[in-house]
Number of protein chains: 2
Amino acid sequence: MTTLPSTMFAVIQTHDGYSDTATGPVIDAAADWLAEAEVPVPQPGPGQVLIRLRTASVNPSDIHFIKGEYGQPRVQDTPAGFEGCGDVVATGAGAEALNGLRVAFVAANAGAWAEYVVTQAQMCIPLRPEISDEDGSAQIVNPLTAMAMVDIARGDGDAFVVSAATSQLGKLMCSLGRDLGLKPIALVRRSDAVEALKELGAHEVLVATDPDVTQKFAALSKELKPRVFLDAVADQLSEQIFCAMPNGARWICYGKLSAELPKLTQTGQLIFMGKRIEGFWLTQWMTSTPPADQMRVVGEVQARFADGRWKTDVSERLALRDVVSNLADALKKGDGKVIITP
Amino acid sequence: MTTLPSTMFAVIQTHDGYSDTATGPVIDAAADWLAEAEVPVPQPGPGQVLIRLRTASVNPSDIHFIKGEYGQPRVQDTPAGFEGCGDVVATGAGAEALNGLRVAFVAANAGAWAEYVVTQAQMCIPLRPEISDEDGSAQIVNPLTAMAMVDIARGDGDAFVVSAATSQLGKLMCSLGRDLGLKPIALVRRSDAVEALKELGAHEVLVATDPDVTQKFAALSKELKPRVFLDAVADQLSEQIFCAMPNGARWICYGKLSAELPKLTQTGQLIFMGKRIEGFWLTQWMTSTPPADQMRVVGEVQARFADGRWKTDVSERLALRDVVSNLADALKKGDGKVIITP
């Protein structure tokens, strides 16, 4: 057992519970929600491990969470951050097998933005040596979501729609879709992203700010008949896209990047066309998917990162001690991930 | 074979196709959509029957349809009206077994508001003698919808929510729910309907115009945990009711009585709580439900009308020749059905 310090640096939350707002994963200043602190190094309980952080990634869900707009309540004074990569330096009873391993992890009750993190052993994935620490810090939330959601799409035809397709998750889904012989239809905000996304795997790319985007999508929809819409935006354009999809279409919301509240303009679409609106949450997928299936998916994810089919685009690197002061700016620097290091 | 006239009086549609509006099942004047006409008596083709009308009923779907807001396109100059009761006076090849019988029917491509109606033999239900012509004219659309939707509710717990509960369909669902040992939570527009609806089978009744209706529903929802919302209104209050329902709740729209377009205020409800929004259409149910199951349901419907557990509340009777001039006024006279006679 390594000798561990008794305290550590951490970026902690300054609010409790839910905020009852719905303003989206955007912040003006991280200091509105986060503070720097020296706190005790946590102890792993039964089935838990203590991880010394190598890298943490910043997902939109982290921002929803610190703002009190996520599906779990905040706990004041505990570290923020869901996902990272690090070395297991101590284990509780039943988790000894992970001792000394480099793992990707999800900190289920938050806590990745700290020098040390406690989480459940079952929320850790031992990493193959070919996987970099940066890829390791974004190995679970986005890749498993991509695998699970494209699997849903594959069950319902060969074309599917992906919004916010220049996000890390959007790119993973476009390339995975193409590799599986499917036809991803990508929605992006900026026209300069179109070519790169086509190269990555998108069958067609539409620009959300194009005044004719709805008509263009309607024509594509008629031709390709996409029945699954994997949507991270959930604004009025999303609703229009859904309305232009064929009978039996499913609008599956997995994020809320826009603060706009979409109106349901055509109830008849639900009644006469058998369409439906639903959600996707990785936590629910993990709870309901048999462990053997999850392990198969995890293995495929690592294989894709190991051989370069997938990679994590990094837009900014931040030291843990710069998160409170610089995170808001770092998040504005393009579509890649912000990576945090101790 | 009876000697038949060559022409008949009919209330025909004056528009084609869809209107692309969504203003709800309300009209200022039927003459905006309908006209009186003397038209040829139709001939039954193979598998079809010709019915001499006894009674037709007016459903909200008829009004949606004539306005071009239903899931099927209008055909100009053909009679309006989906549902009725009458005597089979001629049959096409393969439909001879129905000759001479009194049947309840649905005219799939419209046409019930006429002295004679052609429809498919499989859209006819021979009526037991105890069933009155008025009950017979409302034997299919509402009762089968009630049976099918309460069956959905029963598959998902014992409490369920019904909006527009003073409608004929709402009342059928409340009494059926109670008879099955379920707990219907009814939403109504007027407080004077509360007691009658409780007597009929509603476990709880809330008034939509009560300023505290959302809070009162939230308290009920916590106690009774309804997971199915059978909604004919689809307005903003419907959305708030959905948001106050527990994990896994389903908002099932089967009508659009309100012209208000509801905003989706909490995407997180779909993502984190596994809720979903969908529709119900009887036509789809008839297409996807095995004939034997449908016959069982049809038998149960007639048994309920025959022994008085269900009945059709009639708010107004109209002669076919008065439909164009008086339908709009007749529809304003309370929650019962408008019944049309030749």
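Derivation of every value follows stated rules applied to the coordinates shown; laboratory data play no part. It should be emphasised that the depicted structure is a prediction, and the values quoted were computed from it without experimental measurement. All Cβ positions, even for glycine, are placed from backbone atoms using ideal geometry, and neighbour counts span all protein chains on display.
Annotations for the structure displayed:
- Shown in residue order for the range B:26-41 are the 3J(HN,Hα) couplings computed by the Karplus curve 6.51 cos²θ - 1.76 cosθ + 1.60 at θ = phi - 60°: 10, 9, 7, 8, 4, 5, 5, 10, 10, 9, 8, 7, 9, 10, x, 5 Hz (x for Gly and Pro).
- Under a model in which nothing but the beta-carbon of Lys, Arg (+1) and Asp, Glu (-1) is charged, the range A:77-224 shows a dipole of about 380 debye around its Cα centre.
- A straight line joining the Cα centroids of the range A:229-268 and the range A:36-72 runs 31 Å.
- Remark: mean inter-chain Cβ contacts per residue of B:230-239 equal 2, using a 10 Å Cβ-Cβ cutoff to other protein chain atoms.
- Using θ = phi - 60° and Karplus 6.51 cos²θ - 1.76 cosθ + 1.60, couplings along the range A:198-210 (whole Hz; Gly, Pro as x): 5, 4, 6, x, 5, 6, 9, 10, 10, 9, 4, 8, 4
- Label 7 Å beyond Cα on the Cβ vector: residue B:94 copy-to-copy distances, nm: 6.3
- Inter-copy label distances at residue B:307, using a point 7 Å along Cα-to-Cβ, come to 6.7 nm with the shortest given first.
- Beta bridges from DSSP with both residues in the protein assembly as shown: antiparallel share about 60 percent, rounded to the nearest 5.
- Rounded to the nearest 20 debye, the dipole magnitude of the range A:146-283 is 260 debye, with +1 charges on Lys and Arg beta carbons, -1 on Asp and Glu beta carbons, and the Cα centre as origin.
- With a 10 Å cut-off around each Cβ of A:253-265, the average count of Cβ atoms from other chains is 4.
- Lysines with Cα under 29 Å of residue B:311, excluding same-chain neighbours fewer than 8 positions away: B:67, B:171, B:183, B:198, B:256, B:332, B:333, B:337
- Bridges between two residues of the range A:146-283, per DSSP, are antiparallel at a rate of about 0%.
- Volume per residue for the range A:146-283 equals 101 cubic angstrom (convex hull of Cα atoms).
- Measuring nothing but how far apart in sequence close Cα pairs (under 8 Å, 6+ apart) lie, relative to its length, the range B:146-283 scores a relative contact order of 20 percent.
- Rotation relating A and B, chain B residue nearest the axis via C-beta, angstrom: B:277, 2
- Taking the DSSP bridge list for chain B and keeping only pairs wholly inside it, about 60 percent are antiparallel.
- Ranking of A:285, B:251 by count of other Cβ atoms within 10 Å, fewest first: A:285, B:251
- Label-to-label distance, residue B:214 versus residue A:19, with points set 7 angstrom from Cα along the beta-carbon direction: 2.0 nm.
- Largest-first principal axis extents of the Cα set of the protein assembly as shown (Å): 101, 53, 42
- Computed from Cα atoms, the angle from the helix B:141-154 axis to the main principal axis of chain B rounds to 30 degrees.
- Nearest-first distances (nm) between copies at residue B:219, label 7 Å from Cα via Cβ: 5.7
- Spatial extent of chain B: Rg and Dmax, with the Cα atoms as the point set, Å: 20.3, 66
- Furthest towards positive pole of dipole, A:160, A:194, A:149, structure part the range A:137-195, Cβ charges: A:194
- Mean Cβ neighbour count within 10 Å, used as a protection proxy, ranking B:27-36, B:290-299 highest first: B:27-36, B:290-299
- A cut-off of 5 Å between modelled amide H atoms, ignoring neighbours fewer than 5 places along the same chain, links residue A:160 with A:183, A:185.
- Charging the Cβ of each Asp and Glu at -1 and of each Lys and Arg at +1, and nothing else, the dipole of chain B about its Cα centre rounds to 820 debye.
- The separation of the range A:317-342 from the range B:5-27, counted between C-alpha centres, amounts to 62 Å.
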